[in-house]
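Shown next, in structure tokens, is the structure this report addresses.
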Amino acid sequence: MTKRILIGLMFVGLTVAFIVFAIATKTKPPQRVQLPPTPLVETLIVQSDIQQFTVDSQGPVKPKLTSNIVAEVSGRISEVSDNFRVGSFVNEGDTLFTIDKANYIANLRSAEASLAQAKASYQDAKARSDQAKKDWEKIGRGKASDLVLKVPQLNQAKASVQSAEANLLRAQRDLSRTNVKAPYSALIKSKQVDLGQYVNVGFTVANLFGTEAAEVRLPLADRELAFLQLPQQGIEASYPNVILSGIYAGKPQAWQGKVVRTEGVVEENNRLTYLVAEISDPYGLTNKQNASTPLRFGTFVNAEIEGITQDNLIVLPRSALINKDQVLQISDESKISIITVDIVKGDKDIIYVNGGITDGAEIIITPIENPINGMLVKRVSEAEAEKAAEKNKKEEATPENDNSVAVSQ
């Protein structure tokens, strides 16, 4: 039994020694070098051309005209127009509401009677003055005094007529002011009175926004003014056009406007210059084609102001720019070169380049992490071509399905 145990232990020992020796002498497989993946990039073949700059800005839409309407006579409101509602549109001369006319009609009749009485007194005084002049010519000597010719009485009667005429005009004006009218075509922004309410002179009754034109104040940094063709002070010239964009009914819309003036000062708090753009008929009340997309007051809009033109400019997407003033150019060998360019102007999405790139250069427009000169990249178009070729090879290698049917006899 002892001999068998020793033989078993010896066999186990030899087996373990053999396994250890085999592991120690096993040839290690060659290690594969893990190469970093080649970045896929999109490219753009550039070409210089004449470009027109645009200058971006933004601001809220406001009415060109706005007025607080006040009562010019006092009284109780007896009639109210159906259009005298917040949000309603009114035309120039439309009556908004009427103040009770009874007292003002009575004042007018009294003024008319006073004028008639004053005219009668004037006629009497004039007749007496003419008669005194005739009597003096018959019996008098020398030049008659004004008292003899009753001139003071005539002048007093004449002044009474003028005073009565002024009172009549005042009564007529007050009567006409009982009809409170819109001074221009407008939108009723707010109102403070209604039927049956008593108003006093000077009481604000409504606030109106004129609908003939709207304005947008567009702030610009001083450096942006270099890209606009603005007329000099005192020189008549055309201001640039502007395209406004915003949201109406949940959809993006655009409106055409025109810069009409600059405010002429630099704001102290932000050091910006303000241009004012005007939009005619923003609600489409006269031009029915614009009625479907009104530009409502208070809408916040983005503005693209038409700028100057310049030759030999290359336009690139901003994604092509690295390190503030560099771009990546790709060679025929799919290697990149870092090129420093002269940027004339940069917008939110594009940049204008005026040097450093030649026509026909292929520029990478896909961002690359830590690019270096000579780095290999692969164009997206090349990668797609390779995938298509591999797909064709697989389809060719796949045997065609045998659609024949074996018939047993």
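Nothing in this text is a laboratory measurement; each read-out follows from the coordinates by a stated rule. This is a predicted model, so every value here is computed, not measured. Cβ atoms come from the backbone with ideal geometry, glycine included; neighbour counts cover every protein chain shown.
For the chain, a simple Cβ point-charge model (Lys and Arg +1, Asp and Glu -1, everything else neutral) yields a dipole of about 1900 debye relative to the Cα centre. Quick one: grab the alpha carbon gyration tensor of the stretch 87-229, order the square roots of its eigenvalues as a ≥ b ≥ c, and give me rounded if a/c is under 1.5, else prolate or oblate depending on whether a/b is larger than b/c. Oblate, since a/c reaches 1.5 and b/c is not below a/b. When +1 charges are put on Lys and Arg Cβ atoms and -1 charges on Asp and Glu Cβ atoms, the dipole computed for the stretch 57-177 relative to its Cα centre reaches about 620 debye. Of the DSSP H helices in the chain, those that are both long (alpha-carbon extent of 18 Å or more along the helix axis) and hydrophobic (Kyte-Doolittle mean at least 1.6) are 2-24. Can you pick out the pairs among LYS348/LYS378; LYS101/LYS191; LYS62/LYS191; LYS119/LYS181 whose Cα atoms lie more than 30 Å from each other? With Cα atoms farther than 30 Å apart: LYS119/LYS181. Annotation for ASN83 and ASP130: the two label points, set 7 Å from Cα along the Cα-Cβ direction, are 5.3 nm apart.
Excluding the site residues themselves, the longest part of the chain lacking any GluC sites (Glu not before Pro) in a DSSP loop with at most 11 other Cβ atoms within 10 Å is 1-235. Using Cα springs under 10 Å in a Gaussian network model of the chain, which residue among ASN270, ASN241, ASN207 shows the largest mean-square fluctuation? The residue that fluctuates most here is ASN270. The charge dipole of the stretch 302-349, taken about its Cα centre with unit charges on the Cβ atoms of Lys, Arg (+1), Asp and Glu (-1) only, comes to about 220 debye. Compactness ratio for the stretch 234-353: Cα radius of gyration over 2.2 N^0.38 Å (N = residue count) comes to 1.48.
Toward the positive end of the charge dipole of the chain, with +1 on the Cβ of Lys and Arg and -1 on the Cβ of Asp and Glu, the farthest Cα among VAL161, LEU376, LEU275 is that of VAL161.
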